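*Asks:* This is the structure I have questions about; it appears just below.
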Amino acid sequence: MFEDSEVAAVIASHPPAVGGRRPLRWQDHVVPQNWQAFTDEDHAVWDLLFARQVELLGSRVVAPFLDGIGLLRLSHPGVPDVEGLNAILEPRTGWRTVAVRGLVPDDIFFAMLSQRIFPVGNFIRTREQLDYLEAPDCFHDMFGHIPMLAHKDYAEMTRHVGELGLAAIAANQGHKAARLYWHSVEFGLACEDGELKILGAGLASSFGEAHFSLESRGVERVPFSIGRAVETAYKHDAFQPRYLVSSSLEATIGEVRALTPEQLLAL
Ligand SMILES: [Fe+2]
């Protein structure tokens, strides 16, 4: 497990590239979370976001997500520290979180996933930004993503998506892996015990889009398949016009884990 001092050592031994070129190794994007720098207001914003999102979601999210919230003790007050999360997560599924300054490039992101590393922003939105964010913050990353990474099979599926992403980017077809990731891990829906539920982290962590994705009559909801995910473009800056619905969480995990890079590239 990384300690902050180890992270600092990693960073020191891999200084940022000069001449405008971005760092190429995922380790170069890791920064100390610097948890002590979060203010009382930051922690209060986390608590507010957490309380209202848990109430909003209720049972509208797949059961393993709620299990993960409990396992990871995310209901404890304040912004979680990455070491505390890792102490629970790593023994369970081999995953650990690292702090980053914000969005990382796709190739770096997929490289991290392939190594069971999940990047979390080292900042949280302000009270004035509760419902609108230009870039994902630690609430999206920790509340939205980390609970499902405590689910062994889902965690392994996410690692596999990282490998698929690296292969796709190497073949100049990164959009195929990005769309697969987007329509499953970020914005997927799933059937569970005959009910439509939220699966994706982008929905689970969104106050506006969580209900919209499930209940709006103005959007398409179509069955998930890998082929459909790959052919469906997505929006970064607006609610999705189309959601892909898995027949079950287990079905999607099985389908994605069985996908080879060659199969993805042939789509
Ligand atoms: Fe995300």
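The values are calculated or read from the model by the stated rules, or taken from the named source; none is laboratory data. Predicted, not measured: the structure shown is a model, and the values here were computed from it. For neighbour counting, all protein chains shown are included, and Cβ atoms are generated from backbone atoms with ideal geometry for every residue, glycine included. Just so you know, the surface numbers come from the protein's heavy atoms only, side chains and all, with ligands and any DNA or RNA stripped out. Shrake-Rupley method; radii C 1.70, N 1.55, O 1.52, S 1.80 Å.
*Asks:* Check Gly121: other-chain or 5+ apart residues with amide H under 5 Å from its amide H, H built from backbone geometry?
*Replies:* For Gly121, whose amide H was placed from the backbone, the distant partners under 5 Å are Val100, Cys138, Asp141.
*Asks:* Also, I was wondering about something else. Which FRET efficiency, nearest 0.05, do Asp153 and Asp193 yield, Cβ-Cβ r, R0 30 Å?
*Replies:* For Asp153 and Asp193, the calculated efficiency is 0.95.
*Asks:* Once phi is turned into ³J(HN,Hα) by the Karplus curve 6.51 cos²θ - 1.76 cosθ + 1.60 with θ = phi - 60°, what whole-Hz value does each residue of the stretch 26-34 show in order, with x for glycine and proline?
*Replies:* Those phi angles translate into 4, 4, 5, 8, 7, 10, x, 5, 6 Hz.
*Asks:* Given a 1.4 angstrom probe, I'd like the percentage of the accessible area of the stretch 41-174 that is carbon and sulfur, rounded to a whole number.
*Replies:* 50
*Asks:* Give me the accessible area per residue for the chain, probe 1.4 Å, as a whole number in Å².
*Replies:* 46
*Asks:* Kirkwood Rh over Cα pairs of the stretch 149-267 into Stokes-Einstein at 20 °C, 1.002 mPa s: D in µm²/s?
*Replies:* Here the translational diffusion coefficient equals 149 µm²/s.
*Asks:* Ok, one more. I need two numbers for the stretch 217-265: Rg to one decimal and Dmax as a whole number, Cα atoms only, in Å.
*Replies:* Radius of gyration, then largest Cα-Cα span, for the stretch 217-265: 12.2, 37 Å.
*Asks:* Another question, then. Taking amide H positions as placed 1.01 Å from N in the peptide plane, with prolines and chain starts having none, which residues 5 or more places from Leu196, or on another chain, fall under 5 Å of its amide H?
*Replies:* Under 5 Å from the amide H of Leu196 lies no amide H from a residue far enough along the sequence or on another chain.
*Asks:* Quickly rank 124-131, 159-166 as a protection proxy: mean count of other C-beta atoms within 10 Å, highest first.
*Replies:* Listed from highest to lowest mean packing, they are 159-166, 124-131.
*Asks:* Is the shape of the stretch 94-222 rounded, prolate or oblate, going by the alpha carbon gyration tensor and its root eigenvalues a ≥ b ≥ c, with a/c under 1.5 for rounded and a/b larger than b/c for prolate?
*Replies:* Because a/c hits 1.5 or more and a/b fails to exceed b/c, the stretch 94-222 counts as oblate.
*Asks:* Using Cα centres only, tell me the gap between the stretch 66-103 and the stretch 223-267 in whole Å.
*Replies:* 26
*Asks:* Still on this structure, I have one more. What are the ³J(HN,Hα) values, in whole Hz, obtained from phi via the Karplus relation 6.51 cos²θ - 1.76 cosθ + 1.60 with θ = phi - 60°, for each residue of the stretch 191-204 in sequence order, with x given for Gly and Pro?
*Replies:* Couplings: 7, 8, 6, x, 10, 7, 10, 7, 10, x, 5, x, 7, 4 Hz.
*Asks:* What is the Cα radius of gyration of the stretch 166-207 over 2.2 N^0.38 Å, N being its residue count?
*Replies:* Output field value: 1.44.
*Asks:* Taking a ≥ b ≥ c as the square roots of the eigenvalues of the Cα gyration tensor of the chain, is the shape rounded (a/c under 1.5), prolate (a/b larger than b/c) or oblate?
*Replies:* Taking the square roots of the gyration eigenvalues as a ≥ b ≥ c, the chain is oblate.
*Asks:* So which DSSP H runs in the chain come out at 18 Å plus along the axis (Cα) with average Kyte-Doolittle of at least -1.0?
*Replies:* The answer, listed by residue number, is 40-57, 152-170.
*Asks:* Starting from the eigenvalues of the Cα gyration tensor, five times each then square-rooted, give me the equivalent ellipsoid semi-axes of the stretch 83-147, largest first, whole Å.
*Replies:* Largest first, the stretch 83-147 gives 22, 15, 8 Å.
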